[in-house]
Each structure stands twice: as C-alpha cells, then as structure tokens.
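Laboratory data are not the source of any read-out in this text; all were calculated from the coordinates shown. Please read these numbers as outputs of a predicted model, since none were measured by experiment. Methodologically, a virtual Cβ is constructed for each residue, glycine included, from the backbone with ideal geometry; neighbour enumeration extends over all protein chains shown.
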Amino acid sequence: MRIVHLSDIHVWRYTFNPLRILNKRAIGMAGLVLRRARKFRLERLRAVVDRVLSLDADHILITGDLTTTALTAEFRDARSALADLLVDPARATVIPGNHDRYTTGSVRRQHFETWFGDFGPSRTYPWLRPLDDHTAILGLDATRSHISATGRLPSDQLAAARALVEDADRHPERLIIACHYPVAAPPTYAAELDHKRMKNAPEVRSWLAGIGPHLFCCGHVHAAWAFVPPDVPNQLCLNAGAPLLRDRTGLRPPGFLEIVLHDRDVSVIHHAWSGTEWTMKPLWQDPQFFPPDAISAEVSQHVETGP
Ligand SMILES: [Fe+2]
Ligand SMILES: [Fe+2]
C-alpha cells in the first residue's frame, strides 16, 4: 500500500473587507496573510499536485492547515487546487489543522466540514477508517479556535480514542494515527513545537506508549521528519513538512512524504523541491515495524489467492 502524506499547504488569499479591518482581530489576520504570502509559494501548488499524481498512491492523507485564516475563499481555493487528488473520497482522508479553525465564526459555520468533510468517515472525532483488511487510520482533532496556536485533545475525545483502539475486533494490524499536532518533535524542532504544542501532549503520549506499533502522521511544525519519540518508542512519528514553503535556509526543503507499507515493512521517502528539481530522500526503512500478525494474515491471503 502506497500512501502520500501531505500537510500544511496554507493556501492564503487577500480578501479583506475594509469594514472588517476596523476589527482588531481582522488586522491580525491581515498581517498573518501578508506574512504567509511571503512564506508560502502558491504558484508551486500545481507542480506538487502533479508530482503526487505521478506516484499513483492508493491513498492520500492530508493532516491539516490547508488554509491560513479559515476564510471561505481560502477553503474554496484549496479545494479547487487539490481537486485532482480528491476525485474519489474513498481514497483520500483530510483532517483539520489549527489554521482551518482560525476563527470562532469559521468553526460555527463549519467551513472545514463544508469543504473537506467528505474526506473522513465522520465529522466528529475520533474515528477509525479502514483502508484495507489490515490497515486503518485513527483520526484525531486537537485543534481549537484560539488566539494562540496551541491545541488540546479534549478529554472525551481521548477517552473515545482509547476505547476504539482497545476494541480488539477493530484494532488493525497496521495502525496509522492522523493528527495535526505532533506529541513530540526531534530535538532540532522541540523549542518550536513547545510554543504551539498540544497542551495535554504528556497525557496523550503516555496513552500512545501503551498501544503497540503505530505511525503518527502529523504536520504543524513546517519541517519533514521521521523519528521515534523517546517517550513513545513504539511510535514512528512522521511530519510531512510544508510543500509550498519558501525555504530560505535550505534546512527545510518543501515537499511531502511517500509511505509504503508492505506486510510488516514501512518505508518513508521525502519528495522535496530543491528549487530546480524534485529530490527523493529515504527517511525511514524498517522491515519489521508492524507485529508478526500483520505478515501472517497477508501471507495466508497471498497463498489463497496466488496462482
Ligand atoms: Fe501550519
Ligand atoms: Fe498548524
């Protein structure tokens, strides 16, 4: 199974009503959009979509921050620009990021759900979405409409997620958790995550440390990584980075992840735009990441259906 993981596209648009600029929050939003316009190269989005299409993935996973200030115009632009990746709702999963819940009005009017609600099994979280007989995505939403970029996984959502994962009949051999907020970051990015962290990450980490091997697909910090958090040694945390980022440092090449699952094996490749060409950097390879049950089930299936 081949999964393309994208995140933090951050479509932005100058669509400010002069009357609303009198509102203090709107001034903040205008400043944010101006900063994002310098930071994210929208003109690159078509090339990113074409690159993803060329991989012919079984599933596309987008882990939030499709927009900048959750305006209808931004959602409309994002939906339209990504249309070729979202032809079949059965083959695409989209969850929100904090920027997709930027204002209380956007939450009340369900902007995210209106434009991307078709790409998940439910509009309330958590949910478990099977991709095949062995693989499922657990969707979590730790976003909140809040002036700061911090998040929190609500306690009732955490309790429901525990129950979903503990249900032996539903627990897949290959579990992929999709959540905009990482619960840990590699040392290079720890300080950056700290000021916009999931507030109850310690509690969530202690739960995750006991659920067995899983992939944790996230974004929020605009840098691609694959790492195993020391507190959650059974987790492979995957951040897709930001595909349109104007990378002035050369340290955060903009792109996305290609995740290939085969039996117990996980391999992760970062596709990045160097400024002149696409590059492919292997980030992770583990032939025995998932438990032996996963391989035995698939092998027996191959034997049954083989020539
Ligand atoms: Fe972001
Ligand atoms: Fe974010």
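Explain nothing, just the number: relative contact order of the range 20-156, from Cα pairs under 8 Å at least 6 residues apart, as a whole percent.
19
Restricted to Cα positions, what overall size does the chain have along the principal axes? Three whole-Å values, descending.
Dimensions of the chain along the principal axes of its Cα atoms: 66, 45, 37 Å.
Show me 187-194, 237-244 ranked by packing, highest mean number of other Cβ atoms within 10 Å first.
Ranked by mean Cβ neighbours within 10 Å, highest first: 237-244, 187-194.
If you place +1 on the Cβ of every Lys and Arg and -1 on the Cβ of every Asp and Glu, how big does the dipole about the Cα centre of the chain come out, in debye to the nearest 20?
2120
Antiparallel as a % of all DSSP beta bridges within the chain, to the nearest 5?
That works out to approximately 55 percent antiparallel.
Fully extended, how many nm does the chain gain between A73 and A163 (0.36 nm per residue separation, minus their Cα-Cα distance)?
Length gained, A73 through A163: 28.6 nm.
Any chance you could check the Cα centroid distance between the range 254-272 and the range 131-147 for me, in angstrom?
Between the Cα centres of the range 254-272 and the range 131-147 lies a distance of 19 Å.
Mind pulling the per residue volume of the convex hull built on the Cα atoms of the range 49-103? Å³ is fine.
75
Divide by every residue of the chain the summed helix terms, -39500 (n - 2.57) for each DSSP H run of at least 4, and state the resulting mean residue ellipticity at 222 nm, rounded to the nearest 500 deg cm²/dmol.
After summing the helix terms and dividing by residue count, I get -8000 deg cm²/dmol.
Taking the Cα centre of the chain as the origin and placing charges on Cβ (Lys, Arg +1; Asp, Glu -1), which of I95, A136, A73 is farthest toward the positive end of the dipole?
Ranked along the dipole, the leading option is A73.
Can you tell me the length gained on complete extension of the stretch D133 to R246, counting 0.36 nm per residue apart and subtracting the Cα distance?
In short, 36.7 nm is gained.
Whole angstrom only: what separates the Cα centroid of the range 154-182 from the Cα centroid of the range 194-210?
14
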